[in-house]
Amino acid sequence: MKLLYLGTAAAEGIPALFCQCECCKRARAMGPSAYRTRAGALLDGVIKLDFGPTPTSRSWTGA
Ligand SMILES: [Zn+2]
């Protein structure tokens, strides 16, 4: 069994709430395609494990 972790670079997601760094500013300017949410995992290259949205990521989309 092989487990590959995905999207582990920023624990709080991008753009981070109230963050004014260049990365978060750029992500806000680019829109949802540049947003990064919680990490996920890929099991044996076949099964994708995703975790639900956070309150922060919900605030990006208004969902
Ligand atoms: Zn930031």
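Laboratory data are not the source of any read-out in this text; all were calculated from the coordinates shown. The structure presented is a predicted model; accordingly, all values stated were derived computationally and were not measured. Neighbour counts run over all protein chains shown; Cβ positions are idealised from the backbone, glycine included.
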Exercise. For the range 39-51, what does the Karplus curve 6.51 cos²θ - 1.76 cosθ + 1.60, with θ = phi - 60°, yield as ³J(HN,Hα) per residue in whole Hz, taken in order and with x for Gly and Pro?
Worked result: 5, x, 8, 10, 9, 6, x, 10, 9, 9, 9, 10, 10
For this session: Counting residues in the chain as N, plug N into 2.2 N^0.38 Å and put the Cα Rg over that result.
Result: 1.24
Exercise. Mind listing the phi-derived Karplus ³J(HN,Hα) values for the range 26-37, rounded to whole Hz, using 6.51, -1.76 and 1.60 with θ = phi - 60°, and x for any glycine or proline?
Worked result: 5, 4, 4, 5, 7, x, x, 5, 9, 6, 10, 10
Problem set entry | Using a Förster distance of 35 Å, the FRET efficiency for residue 44-residue 19 (Cβ separation, nearest 0.05) | 0.50
For this session: Hey, can you grab everything whose amide H is under 5 Å from the amide H of residue 36? Only 5+ residues off in sequence or another chain; H modelled, so Pro and N-termini drop out.
Result: 14
Exercise. Sorting 44, 50 on the 10 Å Cβ count, fewest up front, what's the list?
Worked result: 44, 50
For this session: Using the number of other C-beta atoms within 10 angstrom as an exposure proxy, rank 30, 1 with the fewest first.
Result: 1, 30
Seminar exercise, completed: Residues meeting the amide H criterion for residue 6 (H placed from the backbone, H to H distance under 5 Å, 5 or more places apart or on another chain) are 40, 41, 42
Problem set entry | Extension gain, residue 3 back to residue 30 (0.36 nm per residue minus Cα-Cα distance, nm) | 6.6 nm
Exercise. Who wins for biggest fluctuation among 52, 40, 13 in a Gaussian network model of the chain, springs between alpha carbons below 10 Å?
Worked result: 52
Exercise. Going by Cβ distance under 4.7 Å, what cysteines of the chain have no possible disulfide partner?
Worked result: 21, 23
Exercise. For the chain, with only Lys/Arg (+1) and Asp/Glu (-1) charged at the beta-carbon, what is the dipole magnitude about the Cα centre, in debye rounded to 20?
Worked result: 120
